[in-house]
1. Extending each Cα 7 Å along its Cβ direction at ASP114 and SER96, get the distance between those two points in nm, one decimal.
2. Under the Karplus relation 6.51 cos²θ - 1.76 cosθ + 1.60, θ = phi - 60°, what is the ordered set of whole-Hz ³J(HN,Hα) values for segment 194-206, x standing for Gly and Pro?
3. Between PHE57 and LEU209, how high is the FRET efficiency from 1/(1 + (r/R0)^6) when r is the Cβ-Cβ distance and R₀ = 35 Å? Nearest 0.05.
4. Name the long-range amide H neighbours of VAL74: under 5 Å, sequence gap of 5 or more, or other chain; modelled H, no Pro or chain starts.
5. For segment 2-185, what is the Kirkwood estimate of the hydrodynamic radius, computed as the reciprocal of the mean inverse distance between distinct Cα atoms, to one decimal in Å?
6. Show the residues, 5+ positions off or on another chain, whose built amide H is closer than 5 Å to the amide H of VAL144.
7. To make sure I understand, if each residue's beta carbon is the centre and we count other beta carbons within 10 Å, what order do SER56, SER122 fall in, fewest to most?
Amino acid sequence: MEDNVYSAVPHARTGPEPGAPASYACGVHFLRGRIAFYAILKALGIGRGDEVITQSFTCVAVPCPVLATGAKPVYADIDASTFNLDPGSVEERVSSRTRAVVVQHTFGIPADMDRILSIARSRGLYVIEDCCHTVASCWRGRRVGSFGDAAFSAYRWGKPLELGIGGTAIIRGEERRKRLTEISRSSKTPGILETARIRMEYLAHQLLLRPSLLWLLRDGYRNFIKMGMATPTFPKLDLQGELSDMDKTMPPFCSRNGLTRPSTKTPHSGAAEPPNTPPRSPASVCIPRGSTKDTILSTCAILF
C-alpha cells in the first residue's frame with residue numbers, strides 16, 4: 001500500500017533516515033495547530049496587505065490564520081498525482097505582495113520541496129511547512145518540516161499523532177524564535193474545567209472510537225458541542241477569520257502524552273538515534289498507541 005501511494009513521488013520515503021537533520025529549535029506549543037500557524041505568521045512579520053499562497057485542496061484551518069493577521073490567502077492548484085502544491089501554479093500566483101508559501105504534505109505524501117524552495121528563494125518568499133498530516137515522511141532522506149523557514153503541526157482528532165488538542169510551531173533564526181517565544185508567553189493554560197473536559201474527550205476517544213461506532217460517536221459529539229459540553233473543532237470566530245483561544249496554550253497533560261517523551265528509536269527503522277542528533281521537528285515525532293489498559297492507567301494518573 002505504501003509503495004503504491006508513494007510511487008508517484010520521487011525521493012519520498014515513509015520513514016525518516018536515522019539522524020536526518022531537523023535544523024530547528026525545540027517547538028513552541030499552542031492550544032491548536034492553527035494558532036501555532038498564526039504565531040509563525042506574526043513572528044515572520046506577515047500582516048495586512050500581504051499575500052500568502054496555499055493550496056486550494058486544504059482544511060479551512062489554513063486560510064483562517066492568514067485572514068486573522070489581515071493578510072490574504074491566495075489559492076494555488078494541486079498536482080493530481082500527489083494532492084500537493086503544483087509548483088508551476090505557485091509560480092503563476094506570486095505577486096509583488098506575496099510574502100510566503102504554505103507547503104502542505106497532504107496525507108503524509110511529501111511535497112516537491114526542491115522545486116518549491118527554488119521558486120521561493122528566487123522570489124524572496126518564506127516557506128512554511130504544514131506537517132499536520134504526517135509523523136514520519138521524508139524527502140530525499142530528510143524529514144519534512146526541516147526544509148522551510150518554519151513548520152507547524154497539530155494533535156487534534158484525525159491527526160497521525162493524537163494528544164487530545166494542541167499544536168506546535170518551529171521556526172528558523174534566533175530573532176524569529178525570540179518573537180515566537182514572546183507570542184507564546186502571553187498564553188495561559190486552560191482552566192481546570194476546560195482541561196478536565198479535554199481530558200475526558202481524550203479518554204473517550206481512546207477507549208470508544210471504533211469503525212463500527214464512528215457515525216454514532218460523531219453525531220453524539222456534535223450534540224455535546226451544541227450543549228457546550230465538548231470542545232468544538234471550529235468555533236464560529238475561527239470561521240469568520242478571527243481566531244479564538246489565541247491566549248491559551250496546550251494543556252500540560254497533552255504534551256505529557258507524547259511530546260515530552262522523546263523516543264530513543266526512529267520510527268520504522270528500529271535503529272537508535274546517533275549522539276548529538278538535532279531536535280526532532282513535530283513531523284518526526286512518532287508515539288505508538290498503547291493498549292486500553294495503558295490508556296486507562298495513564299489517564300487516571302493525569303486526573304488524580
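Please treat every number below as a calculation from the coordinates, not as lab data. Everything quoted here is computed from the prediction, not taken from an experiment. Every residue, glycine as well, gets a Cβ built from its backbone with ideal geometry; the counts of neighbours run over all protein chains shown.
1. Placing both labels 7 Å beyond Cα along the Cβ direction yields 3.4 nm.
2. Karplus-based 3J(HN,Hα) across segment 194-206 equals 5, 5, 4, 5, 5, 4, 5, 5, 5, 4, 4, 5, 5 Hz.
3. FRET efficiency, PHE57 to LEU209: 0.85.
4. The answer is VAL52, ILE53, THR54.
5. After inverting the pairwise mean of 1/r, the radius is 16.2 Å.
6. Counting only residues 5 or more places away or on other chains, the set is SER137, CYS138, TRP139.
7. Ascending number of Cβ neighbours within 10 Å: SER122, SER56.
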